[in-house]
Structures are given as C-alpha cells and as structure tokens.
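Below is one structure, written out as structure tokens; the observations come after it.
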Amino acid sequence: MIPYGRHNISDADVEAVIEVLRSDWLTQGPAVPKFEDLLAIYCGARHAVAVNSATSALHLACLALGVGPGDTVWTTPNTFVASANCALYCGAKIDFVDIDSTTWNMCPSEFEQKLRAAERDGLLPKVVIPVHLAGQSCEMEKIHRLAQSFGVYVIEDASHAIGGKYQGQPVGDCRFSDMTIFSFHPVKIVTTGEGGVVMTNSKELSDKIRRLRTHGITRDKKELSEKTVSPWHYEQIDLGFNYRMTDISAALGVSQLLQLDSFVLRRAMLAAKYSDQLASLPVTLPQVRPEVLSSWHIYPIRLRGKYATRLRDKVFNVLRDASITTSLHYSPVHLHPYYRRLGFSEGQFPVAEQYGRDAMTIPLYPSMSDDMQAEVVRALACALG
Ligand SMILES: *Cc1c(COP(=O)(O)O)cnc(C)c1O
C-alpha cells in the first residue's frame with residue numbers, strides 16, 4: 001500500500017522519547033523549552049510557544065489578538081477546517097477570500113477587492129489567516145501590505161510549510177505577519193504525535209499565549225495582585241485552557257527537527273520528478289512562485305477534461321486497486337454542512353470550488369522510494385489513458 005503521506009520515525013526519535021519516559025518529567029520539564037528555542041532559531045523568530053495542536057495554536061493566536069463576538073476573521077476556503085473554526089471558537093464570524101487559479105493559495109487581488117468592499121460597508125475583518133497550501137508560502141509581502149493598510153492582523157497558517165522559504169527567509173520568521181502557526185500532526189513534515197506552535201516576534205503576544213495555554217495562570221511577580229506571597233502562590237488572570245505540549249512530544253519534536261532539512265530535500269526531489277514525469281498527462285501540476293521554496297507537504301494535481309468533470313472517482317478507484325491511496329486537499333470549507341448552516345453556499349468562491357472538484361493529492365513522503373514513485377506514475381498514466 002502506498003499512502004498519500006506518511007510519518008518518518010528514526011531510531012534516534014525512539015531513543016529521544018524513551019529518554020523522557022525514564023526521566024523525572026513527562027510534562028512541563030526541559031524538553032518543551034528546548035524544542036521552542038530550536039524552532040525560534042531555525043525560523044529566525046524571537047518567540048515560539050509550543051501547544052498540543054495547531055488547532056489550539058490557531059485558537060490562542062486569535063484570542064491573543066482579542067478576537068471575540070462582533071469581530072470577523074477571513075481565511076481561504078481551500079484549507080483544513082481548523083483554519084476557520086478558530087474564529088468561531090472565539091465567538092467571531094468567519095468569511096473567506098477565494099484562491100488564485102495558479103498557486104491555489106489566497107489570491108492577493110481578491111483580498112484587496114474584498115477589503116475595499118468591506119471598508120465601504122464598515123465590515124473590515126480583525127484578522128486574516130492565509131494558509132500556505134502544500135508548503136508553498138502565500139504572497140505574504142502583498143497580503144501583509146494590504147492587511148496593514150486596512151488595520152488587519154495577519155496569522156499565517158503554515159501547518160504545511162515548516163522548512164519552506166519565502167524571499168530566501170524561513171517561513172515562520174513572521175516578517176510579514178503577527179504570528180505563524182505550525183502543525184506537528186504525523187501527516188505533516190515533522191511530528192510530535194500531536195502538537196503545534198505559535199511563532200511570533202512580539203513578547204506581548206508570546207507572554208499572553210504562554211499564559212492562555214496553561215489556564216490563564218501566572219506566577220510572574222509583576223502580574224500578581226498579591227505582592228507579598230509564598231513561593232507556591234499563583235493567580236489566574238485570564239480564562240485559559242490546558243493546551244500544553246508534553247515533554248514526550250517535545251523530545252520527539254527536537255529529534256525530528258534535526259531531520260527537517262533532509263525531509264524537505266527528499267520531498268523536493270520527489271516533487272521535481274513528478275513534475276517531470278507527469279508533464280505529458282492530462283493534469284495541471286503545482287506551480288511554485290520564483291520567490292518561494294516549497295516544503296512539499298503534499299503533491300496536489302488537478303485533473304483536466306473529462307477526468308475533472310466526471311471521472312475523478314474512477315481515477316481514485318483505479319489507483320486504489322493498484323494499492324495507491326490518493327486524497328483531496330481540500331473540499332472547500334464553506335461547503336461543509338456546518339458552514340452551510342451558517343449561511344454559506346455554492347457559488348460564493350468559484351475558484352476554490354472548481355479546485356475541490358478536480359484536485360487530487362498523490363503520494364509524497366520522504367521514505368517513498370524511487371520505485372514506489374515510478375509505480376504511482378505508471379498507475380496514473382494507466383488511469384488517465
Ligand atoms: C493539519 C492542519 C491544521 C490542524 O493541525 P492540528 O495540529 O491537527 O490541529 C490546521 N490547518 C491546516 C492547514 C492543516 O493542514
């Protein structure tokens with residue numbers, strides 16, 4: 001069986017986890033800050049706050065920016081539901097910006113038009129959450145410039161994009177955003193089992209998120225209302241959550257980070273080979289902009305002609321019969337039943353909707369051998385023949 005994605009766990013990863021299990025700390029020990037320091041250094045951001053999932057990271061990032069009832073958050077419809085759900089958790093409204101037809105990421109000119117219309121109607125969003133689909137950074141310089149001129153905060157959902165670069169700098173440095181989120185779910189580029197992180201250059205946001213991940217509790221003397229206190233004294237000053245990452249997860253994360261560049265290199269080599277070998281088939285291949293180095297979390301293709309309209313399920317089945325699993329990233333968020341109940345409907349974001357009808361994610365992961373890739377190429381040629 002060749003899945004569309006797969007985690008990569010080395011003996012060193014296993015050893016790192018066992019070492020924590022034999023130590024004094026399973027959680028709130030030394031591994032989490034070590035993982036956070038490494039992430040900050042790798043990305044060139046001042047702060048990293050690790051949490052138990054990217055979903056939690058998105059939730060806390062929104063809360064830290066003060067998102068609440070009466071506010072609106074915008075994201076792309078071509079994403080995992082978590083990029084939109086975070087706004088709803090805060091009691092805010094969600095809306096979407098359609099995608100660009102070549103990068104399949106949030107379209108900067110759609111964003112600009114929507115901002116102008118929203119300004120006229122007094123409905124500007126508080127936050128925009130661009131998502132770096134498949135590991136390709138969005139056009140962050142443009143998105144950030146527009147967001148700034150309309151007073152909108154930016155959170156990058158870089159769940160697909162750790163190890164990628166934009167304009168020569170690592171995704172996650174937050175040069176063009178207030179915060180950047182990574183996911184460490186096993187299907188992503190590096191894993192902690194479950195886990196996520198918020199990257200930021202703002203000490204204020206970092207402190208706030210640190211507090212919110214652990215119930216809103218502080219032990220910082222400057223923040224305590226009671227000044228002459230015993231060493232065990234703590235106070236809850238916000239309504240937070242238990243969103244902490246364990247030391248078991250963080251130790252796995254540290255060990256995985258050491259392999260990140262080699263994972264991304266292998267992914268990029270497999271992607272280059274696909275781009276070469278699939279060029280003659282009736283498919284549209286991913287286009288990476290010149291200023292971007294993709295981390296290639298997934299390899300989506302778009303079927304053309306009759307395959308796009310009627311025969312995608314048949315292609316999926318032919319591949320499955322050849323023991324090759326494909327997937328779709330993504331069916332547009334606004335068309336899920338829950339979002340339809342909020343009032344969204346077909347036709348609102350036509351570019352993302354067309355993508356949802358004709359796209360297919362084919363297998364790509366570092367431990368995929370050249371032979372396995374050749375099998376996928378052969379099976380696709382056969383299914384599309
Ligand atoms: C995986 C993913 C998430 C959620 O990540 P978790 O760590 O599983 O919570 C959010 N956004 C995008 C784009 C993702 O791919």
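Which of the residues that make up the stretch 53-79 are closer than 16 Å to Phe344 by Cβ and either touching a residue at least 60 places away in the same chain (Cβ under 8 Å) or within 16 Å of the ligand (Cβ to nearest atom) (or both)?
Residues of the stretch 53-79 that are closer than 16 Å to Phe344 by Cβ, as a first pass: 72-79.
Matches in the stretch 53-79: Val73, Trp74, Thr75, Thr76, Pro77, Asn78, Thr79.
Across the stretch 275-311, which residue is farthest from Lys165 (Cα to Cα) among those that are small (Gly, Ala, Ser) and assigned to a loop (DSSP other than H, G, I, E, B)? Reasoning before the result, please.
To start, the set of residues in the stretch 275-311 that are small (Gly, Ala, Ser) comprises 275, 279-280, 294-295, 305, 308.
Next, only the ones that are assigned to a loop (DSSP other than H, G, I, E, B) stay: 279-280, 294-295, 305.
Details: Ala279: 25, Ser280: 29, Ser294: 7, Ser295: 8, Gly305: 33 Å.
Per the criteria, the residue is Gly305.
Can you pull out every residue in the stretch 279-314 that is modelled with pLDDT under 95 and among the β-branched types (Val, Ile, Thr)?
Across the stretch 279-314, the qualifying residue is only Thr309.
Would you mind finding the one in Ser230, Ser202, Ser206, Ser159 that is within 15 Å of the ligand (Cβ to nearest atom) and small (Gly, Ala, Ser)?
Ser159
Please go through the stretch 119-148 and give me each residue that is in contact with a Ser or Thr (Cβ under 8 Å, 6 or more places away or on another chain) and assigned to a helix (DSSP H, G or I), ordered by number.
Selection gives Leu133, Ala134, Gly135, Met140, His144.
Looking at (1) touching a residue at least 60 places away in the same chain (Cβ under 8 Å); (2) closer than 21 Å to Ile2 by Cβ; (3) in contact with a Lys or Arg (Cβ under 9 Å, 6 or more places away or on another chain); (4) not basic (Lys, Arg), which is the only condition Leu285 fails?
Condition not satisfied by Leu285: (1).
Determine if the stretch 299-308 includes at least one residue that is touching a strand residue (DSSP E or B) at 6+ places or on another chain (Cβ under 6 Å), of a type in the set (Lys, Arg) and within 26 Å of Ile189 (Cβ to Cβ).
Checked against the condition, which is being touching a strand residue (DSSP E or B) at 6+ places or on another chain (Cβ under 6 Å), of a type in the set (Lys, Arg) and within 26 Å of Ile189 (Cβ to Cβ), the stretch 299-308 yields at least one hit.
Return the residues of the stretch 324-351 that are within 12 Å of Thr76 (Cα to Cα) and of a type in the set (Gly, Ala, Ser); say none if nothing qualifies.
The one that is within 12 Å of Thr76 (Cα to Cα) and of a type in the set (Gly, Ala, Ser): Ser331.
Say whether the condition of being at pLDDT 95 or above and surrounded by fewer than 18 Cβ atoms within 10 Å (Cβ to Cβ) is met by at least one residue in the stretch 126-140.
No; the residues of the stretch 126-140 include none that is at pLDDT 95 or above and surrounded by fewer than 18 Cβ atoms within 10 Å (Cβ to Cβ).
The values are calculated or read from the model by the stated rules, or taken from the named source; none is laboratory data. On a predicted model such as this, the values are computed, not experimentally measured, just so you know. Note: ideal-geometry Cβ built from the backbone for every residue, glycine included; neighbour counts use all protein chains shown.
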